[in-house]
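Working notes for the structure below.
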Amino acid sequence: MRFKFLGAVLLSAAFLSGCNLLNPPSQSQTAKKPAGDILAEVNGDYITLDDLNKEIAAVNTALAAQNQNLKIDTVEKKKEYLKDMVNRKLLYQEALARGLDRDPDFKANLENFKTTYLVQKLVGEEMRNEDVSSQEVEKVYQDVKDRLREPEQRWVREIMVETKPEANDILAEILKGGDFAALAKEKSKAKSAANGGDLGFIKVGSKGNNFTLFDEMVFSPNLEAGSTTSVFKGPDGYYLVKLEEKKDGRQATLAEVQDNIKATLVQQKQQEKIKAIIDKLYAQKQAKIILNDSQIK
């Protein structure tokens, strides 16, 4: 089953929610029987329903951004995950039996984890009463909404030939009622010839940096749907372009971007809160800090 040993893959989430890494038990410690519903006992160590639910909640939060189908949301999946927790308990006990908790690398990593966890806990405590109001989100949206507009797109066909006289002759045929797509298939030297010169909907810059004049001709405000440009020179030949359809740039709505704006504002407030805490600690003149950054190469 796909959830077998899932805890090993998501070990960090499991540790945060289910294991006391800040103070791991020694081999001689015997776990006290906890309150609540006990789902498993592993050599005197217990797994409760609350333990299971907390781990699954953490795992599901991580999986939600990837694929909703991976979430542990059925009785069968939960039972399978419980087996995984039992397996991890067994492996954990074996690691303790081998003295791996006394390994210097483990102790260093544990200390790093403790530092990171407690800093996050501190910031979380400070941010508990902080919130982002709808008015703040609305203000940011109004400030940046012009940058959230999708660029205009135009559906065009192209004909490219090597010489200007060739291009003028083709333009004359088009003006007499010739079919642009058919002429593109017959005479164009561009890669799009096989598709009747069809480039689909393109944006400014789609052809590349060397096609500035191409963009000017295609996105001219005077060019109407169904019209063909005059002959113009490109980096690899002479062009004619027919505009099939215009698609104006769509403005992203507040509803579409408010979650992203709110997340950004929360992050900004967190950074401001962290800076305020650090500034306060420096101002108290209680911190003894000695830097020796000359060793950094």
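Out of Ile274, Ile290, I need the residue that is farther than 30 Å from Glu138 by Cβ and among the β-branched types (Val, Ile, Thr). Which one? Let's see the steps before the verdict.
On the way: Ile274 fails: farther than 30 Å from Glu138 by Cβ.
When all the criteria are applied, what remains is Ile290.
Any residue that is under 26 Å from the mean Cα position of the chain (by Cα) and either farther than 30 Å from Leu223 by Cβ or surrounded by fewer than 16 Cβ atoms within 10 Å (Cβ to Cβ) (or both) - is there at least one of those in the range 88-108? Before you say what the answer is, go through the steps one by one.
Kept after step one, since they are under 26 Å from the mean Cα position of the chain (by Cα), are these residues of the range 88-108: none.
No: zero hits.
Could we say that Lys273 is closer than 30 Å to Glu173 by Cβ and touching a residue at least 12 places away in the same chain (Cβ under 8 Å) here?
no
Counting just the residues of the range 121-150 that are of a type in the set (Ser, Thr, Tyr) and assigned to a helix (DSSP H, G or I), which one comes out surrounded by the most Cβ atoms within 10 Å (Cβ to Cβ)?
From the range 121-150, those of a type in the set (Ser, Thr, Tyr) are 133-134, 141; that's our starting set.
Subsequent filtering for residues that are assigned to a helix (DSSP H, G or I) retains 134, 141.
Details: Ser134: 10, Tyr141: 18.
Across the range 121-150, the extreme among qualifying residues is Tyr141.
Yes or no: the range 239-250 includes at least one residue that is free of Cβ contacts under 8 Å to residues at least 40 places away in the same chain and either within 30 Å of Lys145 (Cα to Cα) or not assigned by TED's automatic domain parsing to the domain that holds Val156 (or both).
no
Of the residues Glu76, Glu80, only one is within 20 Å of Ile38 (Cα to Cα) and surrounded by 15 or more Cβ atoms within 10 Å (Cβ to Cβ); which? Walk me through how you get there before you give the answer.
On the way: Glu76 fails: surrounded by 15 or more Cβ atoms within 10 Å (Cβ to Cβ).
Among Glu76, Glu80, only Glu80 is within 20 Å of Ile38 (Cα to Cα) and surrounded by 15 or more Cβ atoms within 10 Å (Cβ to Cβ).
Those residues that are acidic (Asp, Glu) and over 34 Å from the mean Cα position of the chain (by Cα), I need them from the range 180-215; list them, please. Step through it out loud before you land on a result.
We begin by selecting, within the range 180-215, every residue acidic (Asp, Glu); these are 186, 198, 215.
Glu186, the sole residue that qualifies.
Would you please name the residue that is farthest from Val156 (Cα to Cα), looking only at residues in the range 195-229 that are in contact (Cβ under 8 Å) with a residue 40 or more places away in the chain and in contact with a helix residue (DSSP H, G or I) (Cβ under 7 Å, 6 or more places away or on another chain)?
Per the criteria, the residue is Val204.
The values are calculated or read from the model by the stated rules, or taken from the named source; none is laboratory data. Predicted model, so just to flag it, every value in this text is computed and none were measured. We place every Cβ from the backbone using ideal geometry, glycine too, and count neighbours over all the protein chains shown.
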